[in-house]
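Encoded as structure tokens, the structure appears first; notes follow it.
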Amino acid sequence: MASISTKVGNFSLDNPVILASGILDETSGSILRSIRSGAGAVVTKSIGMKERKGYPTPVISEISTGLLNAVGLSNPGIDNFIEEFKNFPEKKRTIVSIFGGSVEDFVTLARKVEGAGFDKIELNLSCPHVQGVGSEVGQDADLVESIITEIKERTNLHIWAKLTPNVTDIISLAKASEKADAYVLINTLRATGVEIYSRKFVLANIVGGYSGPGIKPVALRAVYDVYKETGKDIVGVGGITNWQDAIEFFLVGARAIQIGTALLYEDYPIYKKINNGITQYLDSEGFSGLDEIVGVMVNDGTLQGH
């Protein structure tokens, strides 16, 4: 049987399927359930300096090709988060997502995360619907570089940089983030929706993030472009709902994938379902391990010899 273990930077995973930030990760209990249901790792909801309630409802709208959401980065704040997770048994398989409005915010959050016993963070540089943080920070290449440089110098954390797709030149952002241990590509796309009979926007915030199957081609293109240019480790995310989608991301350069919206369709069994499909694909195509297919569509142009 083919191996589906993988390595992202210096983080070794038994399998490549990771819970994405923002879905079924509001509590330590729901995060632990994902791990026990077969996730190789989990990413927490994005945590900021202080407790944040987020936007008024409605914050989520289901559309034919995915979801629109504008939750507004609601979170308990770093101190409450640390208190809840102080006895969490799976810290080594947990990546803590953090967001801030300045270099010092990110550094403070990172140091608190490390002090609480975690060793991996994901920098939310890409939320598309909250002013002063997320993609507003993530579009400033110099600021992104400074954030990562300072965290590297002042902690021993393993850093994933989640980059915004809402730019014309994601390669420049990737190069500004080259000191990170890996890239996470992509976050949601900036979008809106309208209800024609009430003549209202479907989200209270008007603008939100678009996730789900409809954004997969955009995410694939970002992974392909960044991998081709940098060769750096990438975690692919965006529209992945089955094992076939996961394989597509591996072929263009991702070493692991994250799932979010798909959990709303199939719930916790999806982890094992995708992992089983990946294993069966590798076996049927004559590969001994996942590493053999990562980036072959970029390196060789075609899949040869199997």
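The values are calculated or read from the model by the stated rules, or taken from the named source; none is laboratory data. What you see is a predicted model, and the numbers here were worked out from it, not measured in a lab. Virtual Cβ from ideal backbone geometry, glycine too; neighbours counted across all protein chains shown.
Cβ-Cβ distances below 6 Å connect the following pairs, each with a first residue in the range 108-123 that is farther than 19 Å from K179 by Cβ, a second residue that is assigned to a strand (DSSP E or B) and modelled with pLDDT of 95 or more, and a separation of six or more residues or different chains: F118/V96. Residues in the range 88-106 that are at pLDDT below 95 and of a type in the set (S, T, N, Q): S102 alone.
Every condition in (1) in contact (Cβ under 8 Å) with a residue 40 or more places away in the chain; (2) more than 16 Å from S177 (Cα to Cα); (3) not aliphatic (A, V, I, L, M); (4) not in a loop (DSSP other than H, G, I, E, B) holds for Y55 except the one numbered (4). Scanning the range 80-96 for residues that are loosely packed, with under 14 Cβ neighbours inside 10 Å and among the acidic types (D, E) returns E83, E84. Quick check: anything in the range 31-44 assigned to a loop (DSSP other than H, G, I, E, B), small (G, A, S) and surrounded by 20 or more Cβ atoms within 10 Å (Cβ to Cβ)? Taking every residue of the range 31-44 in turn, at least one turns out to be assigned to a loop (DSSP other than H, G, I, E, B), small (G, A, S) and surrounded by 20 or more Cβ atoms within 10 Å (Cβ to Cβ).
Can you name every residue in the range 12-30 that is out of contact with any Leu (no Cβ under 8 Å at 6 or more places or on another chain) and not in a loop (DSSP other than H, G, I, E, B)? Break it down into steps so the answer makes sense when it comes.
Pass one, the range 12-30, residues out of contact with any Leu (no Cβ under 8 Å at 6 or more places or on another chain): 12-15, 17-18, 20-22, 26-29.
Listed by number, the residues that qualify are S12, L13, V17, I18, S28, G29.
Checking each residue in the range 66-83 for being polar (S, T, N, Q) and within 18 Å of F201 (Cβ to Cβ) picks out only N69. Scan the range 112-149 residue by residue and report those that are modelled with pLDDT of 95 or more, among the charged types (D, E, K, R) and either under 19 Å from the mean Cα position of the chain (by Cα) or surrounded by fewer than 16 Cβ atoms within 10 Å (Cβ to Cβ) (or both). Answer for the range 112-149, where residues must be modelled with pLDDT of 95 or more, among the charged types (D, E, K, R) and either under 19 Å from the mean Cα position of the chain (by Cα) or surrounded by fewer than 16 Cβ atoms within 10 Å (Cβ to Cβ) (or both): D119, K120, E122. Is it true that K175 is assigned to a loop (DSSP other than H, G, I, E, B) and either at positive phi or of a type in the set (D, E, K, R) (or both)? Against the criterion (assigned to a loop (DSSP other than H, G, I, E, B) and either at positive phi or of a type in the set (D, E, K, R) (or both)), K175 does not qualify. The residue list D283, D225 contains one member that is buried (at least 16 other Cβ atoms within 10 Å of the Cβ) and assigned to a helix (DSSP H, G or I), which is D225. Which one of these does I240 not meet: (1) touching a residue at least 60 places away in the same chain (Cβ under 8 Å); (2) within 16 Å of the chain's Cα centre (by Cα)? Of the numbered conditions (1) touching a residue at least 60 places away in the same chain (Cβ under 8 Å); (2) within 16 Å of the chain's Cα centre (by Cα), the odd one out for I240 is (1).
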